[in-house]
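Some notes on the structure that comes next.
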Amino acid sequence: MASRTSLFCLAWLGVGTAVLVLLLTSHTQPQRREKGRAESADGSSSVVEMAAPATSVVVLDRGNNTTCTVNLHGATVVSWRVNNQEQLFVSKQAIFDGKRAIRGGIPIVFPQFGPWSTGPQHGFARICRWELKKPPERLPTGDVEAMFQLLDNEFTRSMWNYPFSLTYRLILREKELHFNISVYNPGAETLSFTFLLHTYFKVPDVRRCQITGMRGCTYIDKTREGTLYQEHRDVVTINEWTDRIYQNTPLEHIITNVVSGRKMRMQKYNLVDTVVWNPWIEKAKEIPDFGEEEFPNLVCVEAGHVSSPVILPPGTVFEASQILQVM
Ligand code: TA6
């Protein structure tokens, strides 16, 4: 005969799941009035439904004030807190209307990096509503895993008329966040696309940041008409408008002087390029959902496959991953 406690837990689990299913229908961003919250039995997750349009946020909670918050709009990671320290930059002017891309966090760029003749800059993945394929679950290691999926639909096919399945698995560890991406081609035609994780790191002062791993790499400088140059410095620093696509970069970068002066390690697999961006003073004024004074507090270091397209024959899968680690 099952004990009273286990009966109680089972009952609570049933309730938690029911609420979870109910709430995955709607909307919006933390600043807005909270309407409902569902916690999972093991405390590893909550889905927050807000009282305004159109997205849900999914929270992976590892305990010890270590959380990762994902907005289903674009499956955009909008917060990663390690021991209560926020690691990602989100603009105070960011717009959470379920339509435009979120200015900050980690937007997903797919199937087109940069300007696009048949669709918006940086593709549609960051402006589509994604499905929560697997709600956050605590793993035997104590880490928390969740999976998100975007399938082709009428909207995506209006710009890119191909079937695809894009899956995004996140694992929240003690001081690490793991991203596992897979693109499956279920169709009869070969796909050609570019992909990037447009990561906005929060920093006290970008002028004090250094990024390793670019020495010897060629880069396309978008601040100088896309001219190709070679990087000769051991560490890249930022003291002006910077917008560079570094090609064939190594598997690892270290970014110094991120939150509270710590270092951030970025490891990447099958993401052969690294984009480094900061709009600086003048460009910041041109970005409507960005505060003019905010440019010193972010550095974008973006792992991607952008300088040449991924060619994906029918029935095959492209897999890539990134690990961010607070050092
Ligand atoms: O990744 C760097 C970049 O491509 C820059 O050229 C700049 O445009 C930035 O992305 C932001 O793009 P967005 O479309 O989000 O305004």
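Selection of strands (runs of 3 or more DSSP E) fully inside the range 12-120 by the criterion of at least 1 residues being open to solvent by 20 Å² or more (accessible area, probe 1.4 Å), modelled with pLDDT of 50 or more and out of contact with any Pro (no Cβ under 9 Å at 6 or more places or on another chain) returns 34-39, 67-71, 76-82. Here Val235 does not fit the description of being away from the ligand (no atom under 15 Å from the Cβ) and within 23 Å of Thr66 (Cα to Cα). Has the range 261-277 got any residue that is within 15 Å of the ligand (Cβ to nearest atom), touching a helix residue (DSSP H, G or I) at 6+ places or on another chain (Cβ under 8 Å) and either at pLDDT 95 or above or among the aromatic types (Phe, Trp, Tyr) (or both)? For the range 261-277, residues within 15 Å of the ligand (Cβ to nearest atom), touching a helix residue (DSSP H, G or I) at 6+ places or on another chain (Cβ under 8 Å) and either at pLDDT 95 or above or among the aromatic types (Phe, Trp, Tyr) (or both): absent.
Residues in the range 278-309 that are touching a residue at least 60 places away in the same chain (Cβ under 8 Å), open to solvent by 10 Å² or more (accessible area, probe 1.4 Å) and among the aliphatic types (A, V, I, L, M): Ile287, Val306. If you filter the range 269-327 down to residues that are among the small types (Gly, Ala, Ser) and not in a helix (DSSP H, G or I), you find that the one that is farthest from Thr199 (Cα to Cα) is Gly315. For the range 119-142, what are the residues that are more than 16 Å from the ligand (Cβ to nearest atom), out of contact with any helix residue (DSSP H, G or I) (no Cβ under 9 Å at 6 or more places or on another chain) and not aliphatic (A, V, I, L, M)? Passing the criteria: Arg129, Trp130, Glu131, Lys133, Lys134, Pro136, Glu137, Arg138, Pro140, Thr141, Gly142. Among the residues that make up the range 214-224, is at least one of them touching a helix residue (DSSP H, G or I) at 6+ places or on another chain (Cβ under 7 Å), modelled with pLDDT of 95 or more, loosely packed, with under 14 Cβ neighbours inside 10 Å and part of a loop (DSSP other than H, G, I, E, B)? Checked against the condition, which is being touching a helix residue (DSSP H, G or I) at 6+ places or on another chain (Cβ under 7 Å), modelled with pLDDT of 95 or more, loosely packed, with under 14 Cβ neighbours inside 10 Å and part of a loop (DSSP other than H, G, I, E, B), the range 214-224 yields no hits at all. Within the option set Thr242, Thr256, being surrounded by 13 or more Cβ atoms within 10 Å (Cβ to Cβ), among the polar types (S, T, N, Q), within 16 Å of the ligand (Cβ to nearest atom) and modelled with pLDDT of 95 or more holds for one residue only, Thr242.
The values are calculated or read from the model by the stated rules, or taken from the named source; none is laboratory data. Quick caveat: nothing in here was measured; it's all calculated off a predicted structure. Note that we place each Cβ from the backbone using ideal geometry, even for glycine, and neighbour counts take in every protein chain shown. Ligands, DNA and RNA are stripped out before the accessible areas are found, and what is left, the full protein with its side chains, is counted by its heavy atoms. Shrake-Rupley method; radii C 1.70, N 1.55, O 1.52, S 1.80 Å.
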